[in-house]
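Enquirer: Just dropping this structure here.
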Amino acid sequence: MSEQGWRHFLEATGVEDWVVLHGGATAVFRTGSLADSVRLAAAIAEIAGFEGSGRLLTVADDRLTVRLTRDLWALEPEHVDLARAVSATAARHGAPADRAAVQEVQLAIAAQPGAIDVGFWRAVLGYDPVADDNGVDPLGHGSTVWMQDLDETKPLRHAMHVDVSVAREHSQARFDAAVAAGGIVVHDAAPGHWILADRAGNKVCVCAWPDGAEFSADDEADVAAGEPATGTGRTETG
């Protein structure tokens with residue numbers, strides 16, 4: 001696993017429809033009906049190289065969601081050509097991309113190295129492994145569960161938090177909506193990410209990572225420990 005694949009995707013041209021989320025490259029295409037969504041899904045499934053390796057199509061009556069992988073680190077250079085082919089097919093079907101509708105919700109479960117229990121979470125949720133430290137809903141409906149290896153020197157105050165990964169140009173709107181709904185700002189590192197909490201103190205991180213920014217391992221460890229992220233290692237990429 002390396003950053004080369006997803007960084008290559010972010011730097012590529014012709015993939016403007018796509019958002020790089022925690023779960024990899026994802027696009028939402030708007031359709032006029034359920035039948036239109038099904039027809040578009042069938043056409044995409046016929047693209048050479050599309051079938052297999054974790055591709056996921058989610059059909060709804062007004063949209064089709066396409067995921068090229070189920071994990072960010074599974075993105076490879078060849079996914080760029082695949083994304084372009086999918087976008088071209090959607091354009092021929094008159095289905096415009098909607099980057100504002102793209103998101104990935106992830107449940108991060110923090111634990112000291114010796115207490116990580118990913119097998120339990122996969123079993124109790126009925127999830128499949130994609131990487132050693134996660135589990136994903138085989139139906140593609142539920143949030144990814146990620147086991148966060150907490151630095152042994154970090155005190156653990158909140159064992160779970162939610163990560164919401166969205167397109168970089170829509171992260172501010174998501175943050176604003178959360179604040180308007182009563183969210184409490186714990187840490188503001190705009191435009192890269194924000195940590196918010198509800199009235200009970202439960203935390204959520206709204207972030208443009210990896211679509212628009214890096215998020216360092218130190219930042220993630222701080223969030224898991226219930227502390228504001230330091231921002232070290234985060235640089236804007238677009």
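The values are calculated or read from the model by the stated rules, or taken from the named source; none is laboratory data. Since this is a predicted model, take the numbers as computed values, not measurements. No Cβ is skipped: glycine too gets one built from the backbone with ideal geometry, and neighbour counts run over all protein chains shown. Each accessible area value is taken on the protein alone, full model and side chains, heavy atoms only, with ligands, DNA and RNA left out. Shrake-Rupley method; radii C 1.70, N 1.55, O 1.52, S 1.80 Å.
Enquirer: So in segment 46-66, with the set limited to residues that are under 24 Å from residue 143 (Cα atoms) and of a type in the set (A, V, I, L, M), which one is surrounded by the fewest Cβ atoms within 10 Å (Cβ to Cβ)?
Expert: 60
Enquirer: Tally time: how many residues in segment 88-104 are hydrophobic (A, V, I, L, M, F, W, C), part of a helix (DSSP H, G or I) and either more than 30 Å from residue 121 (Cβ to Cβ) or free of Cβ contacts under 8 Å to residues at least 12 places away in the same chain (or both)?
Expert: Total satisfying the criteria: 4.
Enquirer: Please enumerate the residues belonging to segment 100-120 that are within 17 Å of the chain's Cα centre (by Cα) and open to solvent by less than 40 Å² (accessible area, probe 1.4 Å).
Expert: 101, 102, 104, 106, 108, 109
Enquirer: Which of the residues belonging to segment 79-97 are touching a Phe, Trp or Tyr at 6+ places or on another chain (Cβ under 7 Å) and farther than 17 Å from residue 25 by Cα?
Expert: 95
Enquirer: Report whether or not residue 151 is in contact (Cβ under 8 Å) with a residue 60 or more places away in the chain, open to solvent by 70 Å² or more (accessible area, probe 1.4 Å) and either outside any loop (DSSP other than H, G, I, E, B) or out of contact with any Gly (no Cβ under 6 Å at 6 or more places or on another chain) (or both).
Expert: yes
Enquirer: Looking at 78, 16, 11, which is the one that is more than 22 Å from residue 169 (Cα to Cα) and either touching a Ser or Thr at 6+ places or on another chain (Cβ under 9 Å) or modelled with pLDDT under 95 (or both)?
Expert: The conditions single out 78.
Enquirer: Could you grab me the full set of residues in segment 1-40 that are in a helix (DSSP H, G or I), out of contact with any Pro (no Cβ under 6 Å at 6 or more places or on another chain) and open to solvent by 20 Å² or more (accessible area, probe 1.4 Å)?
Expert: Of everything in segment 1-40, those that are in a helix (DSSP H, G or I), out of contact with any Pro (no Cβ under 6 Å at 6 or more places or on another chain) and open to solvent by 20 Å² or more (accessible area, probe 1.4 Å) turn out to be 4, 7, 10, 11, 34, 35, 36, 38, 39.
Enquirer: In segment 121-139, what residues are outside any loop (DSSP other than H, G, I, E, B) and surrounded by 12 or more Cβ atoms within 10 Å (Cβ to Cβ)? Before the answer, list the steps.
Expert: Filtering segment 121-139 down to residues outside any loop (DSSP other than H, G, I, E, B) leaves 121-125, 128, 134-136.
Within segment 121-139, 121, 122, 125, 128, 134, 135, 136 meet the criteria.
Enquirer: Got at least one residue in segment 62-76 being of a type in the set (Phe, Trp, Tyr) and part of a loop (DSSP other than H, G, I, E, B)?
Expert: Looking only at segment 62-76, we keep the residues that are of a type in the set (Phe, Trp, Tyr), and these are 73.
Those still in the list that are part of a loop (DSSP other than H, G, I, E, B) too: none.
No, the conditions are met nowhere in segment 62-76.
Enquirer: Hey, another quick one. Counting only residues that are among the aliphatic types (A, V, I, L, M) and within 19 Å of the chain's Cα centre (by Cα), how many does segment 87-99 have?
Expert: From segment 87-99, those among the aliphatic types (A, V, I, L, M) are 88, 90-91, 95, 97; that's our starting set.
Narrowing further to those that are within 19 Å of the chain's Cα centre (by Cα): 97.
Qualifying residue count, segment 87-99: 1.
Enquirer: What are the pairs with Cβ atoms under 7 angstrom where one residue, in segment 18-35, is without any contact (Cβ under 8 Å) to a residue 40 or more places away in the chain and the other, located anywhere, is β-branched (Val, Ile, Thr) and open to solvent by less than 10 Å² (accessible area, probe 1.4 Å)? Sequence gap at least six, or different chains.
Expert: Close Cβ pairs satisfying both conditions: none exist.
Enquirer: Considering only segment 28-50, I want to know if a residue exists there that is modelled with pLDDT of 95 or more and closer than 23 Å to residue 162 by Cβ.
Expert: Within segment 28-50, one or more residues are modelled with pLDDT of 95 or more and closer than 23 Å to residue 162 by Cβ.
Yes or no, residue by residue, for (1) more than 19 Å from residue 146 (Cβ to Cβ); (2) part of a helix (DSSP H, G or I):
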| site | (1), (2) |
| --- | --- |
| 52 | yes, no |
| 57 | yes, no |
| 80 | yes, yes |
| 86 | yes, yes |
| 106 | no, no |
